[in-house]
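Here the structure is laid out as structure tokens; the discussion comes afterwards.
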Amino acid sequence: MPWKESDRMSLRGEFVEFASKSSSNMSLLCRRFEISRKTGYKWLSRYREGGVKALSDRSRRPLHSPHQTSKEMEERILWVRTQFPWCGRKIHGYLRNQGVQGVPSPSTITAILHRNGCISDEASSKAKEWKRFERDTPNDLWQMDFKGHFGIRTGRCHPLTVLDDHSRFCLGLKACDNERRNTVQQHLIAIFRCYGLPWQMNMDNGPPWGTERQSKYTHLSLWLIRLGIVVSFSAPGHPQTNGKDERFHRTLKAEVLQGREFRTMTETQNTFDQWRKVYNTLRPHDALSNASPSSRYAVSHRTYPETLPQIEYGPDDVIRRVDISGRLWYAGRAIRMSKAIRGRHVAVRPTIEDGVVEVFYVKQKIKTIDLRTIPKKT
């Protein structure tokens, strides 16, 4: 993850956010951000002495003055609104997080926005609460999806999004020109190298990670399983299973895409990178008590392996190789499997129910089979 000039401040801020936590591993963080330990401690020391300002020589507009008047506060609120299309609650949380004193209540800020024509009645009527469920710790579960593609002057952009369930931290927002497996895999490798591996990833049933057919696994999802990641899929017709990523897509559309035209994929990605920094580090999140996602996220201690680990099964497992047509032969029966798994070895394990077995690839159960319903081949 090289510290290029264009995103240097974003990476420094992200680094010190993680390094400031008591549970952080400085050696691991420095390797992930591809800097020396000396450099890592230098930026952490500067941050502790002078905060974010100390990470750069650039001047920053002060967000607090002890002698502000009501008019000045209102102007500040309206200025924040011109920078970010946020509601009163988020502007309130943002100003409080920045250390501004005497911030009005969210309802007062909302009234200011209404009075100055920043919020329409139609937008207010569309606002609604979401029922929230979340994992207990970062990297327990990541959600991944493509947001609906849209046109740019040189083609079509397919935004790939990866979100941590616990913190809502956006691990990846990538402008892709297709939705193919190789494209997704290369982006995921870069994300894994930086943030480590999650324990589980959830996607919908569509390609490239799944299929709505009975054998739902693809080459991409099998690769994730090989890395030791549990793969799960949203129930067909129930996108709310990936609800946080779906909500992220709505925010992305409202704050970045709506009413905007992009010329090239590079321009689109640069805009994504800038907004992702705001979303992760500045934008207050209602579900996090107006904290930012980066304040609740920590990198995973599971390092991405550059070489895939060997597959090991138990001594009592019955090992079978899926044939070239995608069939598994067991107990005289031909069992249809995913074509993506052909040529791979799987483990067959009996269950407590007579005649029912389970098929595992690496450590994940990929199929349950009732042998009583499948006739033997003669």
Within the range 299-319, the count of residues that are hydrophobic (A, V, I, L, M, F, W, C) and exposed (fewer than 13 other Cβ atoms within 10 Å of the Cβ) comes to 2
Across the range 167-192, the tally of residues that are hydrophobic (A, V, I, L, M, F, W, C) and part of a loop (DSSP other than H, G, I, E, B) stands at 1
Restricting attention to the range 337-369, the residues that are exposed (fewer than 15 other Cβ atoms within 10 Å of the Cβ) and farther than 23 Å from P315 by Cα number exactly 0
Note to self: T266 - would you say it is more than 15 Å from T161 (Cα to Cα) and out of contact with any Cys (no Cβ under 6 Å at 6 or more places or on another chain)?
What the structure shows: yes
Q) Of the residues that make up the range 320-332, is at least one surrounded by fewer than 17 Cβ atoms within 10 Å (Cβ to Cβ), over 37 Å from the mean Cα position of the chain (by Cα) and hydrophobic (A, V, I, L, M, F, W, C)? A) yes
Subset of the range 134-166, residues over 19 Å from E255 (Cβ atoms) and not in a strand (DSSP E or B), comes to E134, R135, D136, T137, P138, N139, D140, L141, R153, T154, D165, H166
Being outside the structural domain of D164 (by TED's automatic domain parsing) and touching a residue at least 40 places away in the same chain (Cβ under 8 Å) narrows L288, L257, L308, L282 down to just L308
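The values are calculated or read from the model by the stated rules, or taken from the named source; none is laboratory data. Computed from a predicted model, the values in this text were never measured in an experiment. Positions of Cβ are generated from backbone atoms using ideal geometry, with glycine treated the same way; all protein chains shown enter the neighbour counts.
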